[in-house]
Amino acid sequence: MKFWVSAGIAFALAVIAAATLKNEYYFFAGYTVLMFVVLATAWNILGGYAGYVNFGTPAFFGLGAYTAAVLFKATAAPLALQILAAATMSGLLGCAAGLLTLRLRGIFFAIATIALVVIIETLFNNWRYAGGATGLQLLRPPPTAPFESYVKMLFVLMAALAVAAVAIARYIERSWIGRGLRAIRDSEEAAECSGVPTLRLKVFACTVSGALMGVGGATMPMYLSFIEPASTFNLNYAIGALASPMIGGTAGYLGPVIGAILLSTIQQVVTVTISSEMNVMVVGVLLVVFVVAAPEGILGLIKKWTRSSSR
Amino acid sequence: MDKILLKIEGVSKHFGGFSALDGVSIAIAGGERFGLIGPNGSGKTTLINCVAGSLRHDAGSIVFDGEEVSRLPAYQRTRRGIARSFQIPRPFASMSVLENLMVPLEYVVHRGLVVTGKTEAQAQDEAMAILRDIGLAEKAVTPSNRLSQVELRKLELARAMAARPQLLISDEAMAGLSSNEVSEVLEILFKLNASGITIIMIEHIMQAVMKFSQRIVCLDAGRIICEGTPASIVQNPDVQRAYLGA
């Protein structure tokens, strides 16, 4: 109940902001922050709960974005349909990639996911209908009422998608599925010998994670009115999606949310005040600091402090 | 004698050019207390890994409760009634003691049911009952990474018990324990066997194996070198040679 009230308040704030604030830049920046909330939450389902470090975020994100763009180009499909198609395609990719790669562990799995990004990017680089390497220009339709601007509409939509992604992650975390995934992370052999169908569960996590990453990318072509492979399959998405849960904490659904809001906001501020080139450096420095000083992230630090103050 | 619960027939396992098991055949009756001994590297853990499904054997067959289980993955074998503890304890470190038991309860015992608040509460009651039997009830909410060595050993057995096995494989559950703690774990294993569970004990503490087992098999270099009652095993010159190198 507390979760749904907080989620409702957060979403209401997004709607109020869209209705009252005039400066569009806030919505451009806010959209990116919320998009990283979706990506980080999606990453954490496989990377955080099951302990399988996935560098393939751009593959799922990019496939979602391209699915939406191609569908729009072919049929002028509405946004809802684009998002649904993106989730389906990226989910299917997650399932297929999971079946092929989740027998690998540790660094071998991580390498396989990087290879996935290269493969998918190469496909879109050579697909002329989708614009090839030069990309595809898209003409946004007018925003749906009551929104007066398309970017504000996308911002509110992304807020709703972020709430949905976090709700799904929370459900998984608290269910028997989440317990099984945590058992896999702690000891895969012991989990299997405790009756956990480890491969099936990992493939499920990879499918859900992939689908949510696809959802994160689905509105990107409309947000930019443009899509091209080099920036869509950029490894910065992988780093951001991985760094946010590491900074916030991978143990619970709140960690990626806190991490993504903190990291993406800092990145937005750095972009405006210093330069966009500094973005990756900020992520790198924060990641090193947290991995060394607080391996359980901000949530872990809070837990530690509350434990020591209650003694 | 009860009917055969586990039948291992001509099982072999190679790691590259090294033969870890070479045509091992063992039949274990339901309700039996069975001891598996042998010097380090003799193939004991490899054999139970093959039985539990952690490893696939190269040749031979493993029949459990009348069903060929050789091709089944480990989780399917657990669901059919084969549970094991690990030589080096492998607790689910991010979970409490109680949660460790909830994993097999949810994935083996209450699997297929919609997990509602009621079934979760029922599973927790069952987990607590097992912890009380094993003597870990007081540690139910303790994170499993804060347990002592003997508590970890007990947790391994408790988690295996939560899968409601017909066969429990105890892989060196007493290694590194004091004599009092060995007696404590031994008592638990006797109690579990009295409730009808067949137990395979792999152990280096000979007093414990001799006291516990009704029948013992000794492995050396992947082969069975002798089989018999504890009294006959200690007299066997092949066993003495394997252990003492005489």
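Readers should treat all values here as calculations from the given coordinates under stated rules, not as data from a laboratory. Being a predicted model, the structure only gives us computed values, none of them experimental. All Cβ positions, glycine included, derive from the backbone under ideal geometry; neighbour counts span all protein chains shown.
Give me the Debye-computed log₁₀ of I(q)/I(0) at q = 0.10, 0.11, 0.16 Å⁻¹ for the range A:45-171, equal point scatterers on Cα only, no solvent, two decimals. Listed by q, the Debye log ratios stand at -0.40, -0.48, -0.94. Free of any trypsin sites (Lys or Arg not before Pro) that DSSP assigns to a loop and that have at most 16 other C-beta atoms within 10 Å, the longest stretch within chain B is B:112-246.
Figure legend: label point modelled 7 angstrom from the Cα of A:A76 along Cα→Cβ; no residues of the range A:214-239 have amide N under 12 Å from it. Distance between the pseudo-spin-label points of A:R140 and A:W127 (7 Å out from Cα toward the beta carbon): 2.4 nm.
Altogether, the Stokes-Einstein calculation at 20 °C and 1.002 mPa s, with the Kirkwood radius of the range A:174-301 over Cα pairs as Rh, returns a diffusion coefficient of 129 µm²/s. The loop-placed chymotrypsin sites (Phe, Trp or Tyr not before Pro) in the range A:99-143, going by DSSP, that have at most 16 neighbouring Cβ atoms within 10 Å of their Cβ come out as A:W127.
If I model chain B as equal point scatterers sitting on the Cα atoms and use the Debye formula, what is log10 I(q)/I(0) at q = 0.08 Å⁻¹? Per q value, in the given order, log10 I(q)/I(0) is -0.30. Selection among B:M102, A:I172, B:A83 by position relative to the dipole of the protein assembly as shown gives A:I172 as farthest towards the positive end (Cβ unit charges, Cα centre). Here chain B is treated with +1 on each Lys and Arg Cβ and -1 on each Asp and Glu Cβ, and its dipole about the Cα centre works out to around 260 debye. When only the Cβ of Lys, Arg, Asp and Glu is charged (+1, +1, -1, -1), the dipole of the protein assembly as shown relative to its Cα centre reaches about 700 debye.
Model label points for B:N180 and B:Q122, set 7 angstrom from Cα along the Cα-to-Cβ axis, are 4.1 nm apart. The lysine pair tally for chain A, using Cα distances under 25 Å and a gap of 8 or more places or different chains, is 4. Pairs of alpha carbons in the range A:143-187 separated by more than 13 Å make up 64% of all such pairs. Distance between the 7 Å Cα→Cβ label points at B:F18 and A:S276: 5.6 nm. The relative contact order of chain A comes to 31 percent, based on Cα pairs under 8 Å that sit 6 or more residues apart.
Normalised Debye scattering of the protein assembly as shown at q = 0.09 Å⁻¹ gives log10 I(q)/I(0) of -0.76, counting only Cα atoms as equal scatterers and leaving out solvent.
Rounded to the nearest 20 Debye, what is the dipole magnitude of chain A about its Cα centre when Lys and Arg each give +1 and Asp and Glu each give -1 at the C-beta?
640
The 3J(HN,Hα) values that the Karplus relation (6.51, -1.76, 1.60; θ = phi - 60°) gives for the range A:276-282 are, in residue order, 5, 5, 6, 3, 5, 5, 4 Hz. Gly and Pro appear as x.
If R₀ is 41 angstrom, what is the calculated FRET efficiency for the pair B:R111 and A:I16, using the beta carbon separation as r and rounding to 0.05?
Once rounded, the FRET efficiency stands at 0.35.
If you run the Gaussian network model on chain B, springs between alpha carbon atoms under 10 Å, then out of B:L101, B:L147, B:L189 the most flexible one is B:L147.
So what is the 222 nm mean residue ellipticity for the protein assembly as shown from helices alone, if each DSSP H run of at least 4 adds -39500 (n - 2.57) and you divide by all residues, rounding to the nearest 500 deg cm²/dmol?
-19000 deg cm²/dmol
Put simply, the Cα atoms of the range A:2-45 extend 36, 24, 7 Å along their principal axes, the longest span coming first.
Please list the three semi-axes, largest first and in whole Å, of the ellipsoid equivalent to the range A:33-310, using sqrt of 5 times the eigenvalues of its alpha carbon gyration tensor.
30, 23, 18
The mean of 1/r over all distinct Cα pairs in the range A:97-153, once inverted, gives the Kirkwood hydrodynamic radius of 14.7 Å.
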